[in-house]
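The values are calculated or read from the model by the stated rules, or taken from the named source; none is laboratory data. Because the structure is a prediction, the values reported are computed rather than measured. Ideal geometry is used to build each Cβ from the backbone, glycine not excepted, and the neighbour counts take in all protein chains shown.
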Amino acid sequence: MKIAVCIKQVVTREWQLRVNEPKTWIRDQDASFELNEPDAYALEEALRQKEKHGGEVVVVSAGPARATQVLREALARGADRAIHVESDTLAAADALVIADALACAIREEKFDLVLTGLQSDDQGFGQVGVVLAEKLGMPSASIIMEVQASESGLRVKRELEAGWFQWISLPLPALLTIQSGINQLRYATLKGIMAAKKKEIRKVTASGSAAPAQKILRVYFPEKGKKTQMIPGSATEAAKALVQKLRDEARVIA
């Protein structure tokens, strides 16, 4: 089975976020970066499917030159090779542009299965996977908690609301967006790190033609403030008024 895993490089959670000068994104020149956590679960699932069924795992990332870091990490964990769609403009691009760039890079590879994380830790829209499926003309399923692959296709378990799950079947080729927690992550061994240095990272130019479908107007930190309101009347009257405000205005009680 030939599997592609789309991964993204995101700012580490420990880094102190700073807004850039135009106030349209974060200032990432001095930031530290890591592999997007949901994508790590997608990579782990791909490696497990390869161990069961054989084949090849190819990691794909669209982003600036620094994204090579997460590609090397994925290769160290066990991926066979990598494709890097390199462009500085993709660092903060929207889902449509990213999906279009990924689709152009992997379409000719004829993958049997394409996996993505459910969403990214930075923008968190959860759209790249489903848009990419449409671009590739593949059936897709999202929020996947279990994957059973066979020669006839896939049987997957989707997470629904309120603790419910749904089993569905899909033909191959297909695209799945993987939910975090689907499996136990493995980490790169010293042997894997050494082997990754010899594995191929093929760089391709972003050739997608999709125009952005959205625009970030302003990024800002929530303004902190407090407001004191005095409730007049007797203790009984004040208590009734307080309960009403907590229920109707603050909505912290039912």
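A few points about this structure:
- Options Gly192, Gly126: the member that is in the same structural domain as Glu44 (by TED's automatic domain parsing) and either in a loop (DSSP other than H, G, I, E, B) or among the hydroxyl-bearing types (Ser, Thr, Tyr) (or both): Gly126
- Some residue of segment 95-112 being out of contact with any Leu (no Cβ under 8 Å at 6 or more places or on another chain), among the charged types (D, E, K, R), part of a strand (DSSP E or B) and more than 24 Å from Tyr187 (Cβ to Cβ): no
- Failed condition for Asp39, given (1) at pLDDT 95 or above; (2) within 20 Å of Lys198 (Cα to Cα): (2)
- Single match in Ala162, Ala149, Ala239 (criterion: at negative phi and either assigned to a loop (DSSP other than H, G, I, E, B) or under 28 Å from the mean Cα position of the chain (by Cα) (or both)): Ala149
- Qualifying positions in segment 205-251 - charged (D, E, K, R) and over 25 Å from Leu17 (Cα atoms): Lys227, Glu237, Lys240, Lys245, Arg247, Asp248, Glu249, Arg251
Let's see how each residue does on (1) more than 30 Å from Asp100 (Cβ to Cβ); (2) in contact (Cβ under 8 Å) with a residue 40 or more places away in the chain; (3) of a type outside the set (Gly, Ala, Ser):
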| residue | (1), (2), (3) |
| --- | --- |
| Ala195 | yes, yes, no |
| Lys199 | no, yes, yes |
| Val204 | no, yes, yes |
| Ser209 | no, yes, no |
| Leu217 | no, yes, yes |
| Gly225 | yes, no, no |
| Lys245 | yes, no, yes |
| Arg251 | yes, no, yes |
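- Output for segment 3-41, where each listed residue is among the small types (Gly, Ala, Ser) and over 19 Å from Val85 (Cα atoms): Ala31, Ser32
- Within segment 143-198, considering residues that are among the aromatic types (Phe, Trp, Tyr) and in contact with a strand residue (DSSP E or B) (Cβ under 8 Å, 6 or more places away or on another chain), the one modelled with the highest pLDDT: Trp167
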